[in-house]
Structures are given as C-alpha cells and as structure tokens.
Amino acid sequence: MTEMFGGNRLVAHTGARYPILQAPMTWIARAQLTAAVSAAGGLGIMETSSVDLGITRREFEAIRAATDRPFGVNLPILFLRQNEEMERAIIDWVIEHGVRFVTTSAGNPRRHVEQLKEAGVIVYHAVPTLDAALKAEDAGVDGLIVEGAESGGIRNQEEVNSFVLLQAVRERVDLPIVAAGGIVDGRGMAAAMALGADGIAMGTRFVASVESPVHQNYKEAIVDAGADGTMMLPRPPRAKFRTLKTRAALAAAANEEAVAPPRNLIDGLYIEGDVENTMGTAGQSSALIHEVKAVQSIVEETVQGFWREIERLAAMRPAAEHKRNHP
C-alpha cells in the first residue's frame, strides 16, 4: 500500500504504509497502543520518558511480538539528562537493537544526533517554533515534527498555531516535516500537507482509541470536550501545558490554595479514571473527536478522508480553468 504515497519522504524514512505517526505520550505510548498503530499501517512511537531500561526492554519486546511492522522510539532529552548513566544506556540499547527511526524532543538534539546517525538511525526532532526548527536543522536531524500550540501536554511559552507555524518552517527548511497539533482525520491531514507537511502525528486522537491503555473515563472526557474543552496552565519555570478543563484545572487556574493538589495522573486518571480531580492533557483537537474507535479504523478513515479531500480540491481545477477561458 506504500504506492499510495509514492515519493513521500516520511514513508521512505519510516517504512510505514502511511505517513501517519502516533505521538509518544508518557506511559500511554507503550506496547498496546504503539503496536496497534504500526499494525494498522502508521508508525507507532514508543515512549521512554520513564527513563527505565527495564521498562524500555519489556515494551520493546512486546511490540515486536505483536507486529512485524516498523515502529520508532522517542528519546525525551530533558528527561534522559536527569540520569546520564541511564541516558547512555538507553541510547546504546536503541542502537544495539536495530531501531531505525527515532524522534527526539524536549531539548537540543545535537546531544545525540551524531551518534545515532553514525549508527544508521533516522532522527526527527520535535520543535514548537521556527527558531527551534532552524537549530535542529543545523544540528543535522533528518526531519522535523512541527508541533503547533493546539496540541496537548507540555507546550512552549511562545504559542504559535499550526496554520502559521507549518508555513513558516516550510518557507525556511527543506527537511521532511511531520505536522502535529489539531489533527484527527483526513481533512486535517490534507490541510497539513497543503501547508508543507510530509505527514502527520496524532496524539489525542489515539488516546481516545480502543487500544489506548487509559481508563474509559478519560477517553470519554476527550470525546465530550467541546471547542472550549481544554485550557492552558503554567508549568514553571518556562513552559505551559494544555489540559482538559476539569475541576482541578479550573481550581489551579484560579490559584485556589485551599484545593487539594490534583491526583497523580497515572494512578488517578489513567488507571482509576478520576477525571475531575486530575489534569489530563488533551489537544484542542478533542473538539473534533466524537467517538472512541479502534486504531485500525482511525488510520484507515484518516487515509480515506485524506484522498477524498485531495479529490475534492483537484475537482476545482477544471472548473476554474473553464471559467477563465469562458468569462
């Protein structure tokens, strides 16, 4: 099925059928979800934010046992730097086990890109600004994941939405671009491609999937969130994060000291499903998600919707030419 996207640089780099990546969300992007995305034709990206080589080994082997399709690994530089011995061990392990595609995030990719590329690993770096994109290009990465302010989780203080950010980066950089933030389907994929992307990454859409390991309450909270269902909160010292608009999030925004601190996300939200007393991350794209679906359906419908939009746009050309020739 790769012929559907012949000449696509992301497909060439990943070996996936489609230029669709799954975001490497902490705890969530492990074997169950990552393997499902890769098996469906996208590229699952396994997270390593726990900085625990034992967990990395376990999840990696579980993915390999579940699918023979390619998948990637994310290296969150900021988290890894907290334990330099473990950082070296995980990088060495990734290389030794033949990982062919890596995404880096939350830091300067120059720290690892030379070692990874010398080992034949393709490296894409996640960037929230044009300046970061230019620095990543200078560091020698193979591609960029350009993440607009619509996305969930930890965000850059300087917010730039995808519609502008993608065009600004494409204007200055010739590397392959993966668009992230605000995309849940084929319409969003077609729009991202029109703005200069070679592919897309989806996070919130895959959180609200059957194979996502989080509690059903969290998935339903994403489905129920409207256009104003998320909010931004400060994450000292230099970042922000986008969360669902829950009781705990609203209290934090109001700086209500009397409110008990939100419960731990993994135990309280992901496992027990306590939505209101936690601050579960979600992108603005949650407003476009209306149902919890199987990963296979999400990927297939995204590809079908993409080509449907391309055909719709292509159909405008003859009509426009006829109008010019027959005023």
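Residue-by-condition table, conditions (1) free of Cβ contacts under 8 Å to residues at least 40 places away in the same chain; (2) surrounded by fewer than 22 Cβ atoms within 10 Å (Cβ to Cβ); (3) more than 20 Å from Ile266 (Cα to Cα); (4) of a type in the set (S, T, N, Q):
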residue	(1), (2), (3), (4)
Trp27	no, yes, no, no
Ile45	no, no, no, no
Ser49	yes, yes, no, yes
Ile55	yes, yes, no, no
Glu61	yes, yes, yes, no
Arg64	yes, yes, yes, no
- Residues in region 196-213 that are surrounded by 23 or more Cβ atoms within 10 Å (Cβ to Cβ), part of a loop (DSSP other than H, G, I, E, B) and among the aliphatic types (A, V, I, L, M) total 2
- Query: Quick check, is Met193 crowded, with 19+ Cβ neighbours inside 10 Å, more than 30 Å from Asn255 (Cβ to Cβ) and within 15 Å of the chain's Cα centre (by Cα)?
  - Reply: no
- Does region 300-307 include one or more residues that are at pLDDT 90 or above, crowded, with 17+ Cβ neighbours inside 10 Å and part of a loop (DSSP other than H, G, I, E, B)? no
- Item | Unmet requirement for Gly120, which otherwise passes all of (1) part of a loop (DSSP other than H, G, I, E, B); (2) closer than 30 Å to Ala249 by Cβ | (2)
- Message: Going by what's in this entry, would Ala31 be described as buried (at least 21 other Cβ atoms within 10 Å of the Cβ), over 19 Å from Ile200 (Cα atoms) and in contact with a helix residue (DSSP H, G or I) (Cβ under 6 Å, 6 or more places away or on another chain)?
- Response: yes
- Within region 100-110, identify whether any single residue is in a helix (DSSP H, G or I), modelled with pLDDT under 95 and crowded, with 23+ Cβ neighbours inside 10 Å, and answer yes or no. no
- Query: In region 77-98, is there at least one residue being out of contact with any Asp or Glu (no Cβ under 6 Å at 6 or more places or on another chain), in the same structural domain as Val210 (by TED's automatic domain parsing), modelled with pLDDT under 95 and under 30 Å from Phe306 (Cβ atoms)?
  - Reply: no
- Task: Just name the residue that is nearest to the chain's Cα centre (by Cα) out of those in region 96-117 that are closer than 17 Å to Phe71 by Cβ and hydrophobic (A, V, I, L, M, F, W, C).
- Result: Val102
- Task: Could you check region 1-81 for helices (runs of 4 or more DSSP H) lying wholly inside it with 2 or more residues that are among the polar types (S, T, N, Q) and over 27 Å from Arg111 (Cα atoms)?
- Result: 31-39
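The values are calculated or read from the model by the stated rules, or taken from the named source; none is laboratory data. Since this is a predicted model, take the numbers as computed values, not measurements. So basically every Cβ, Gly included, is an ideal-geometry build from the backbone, and we count neighbours across all protein chains shown.
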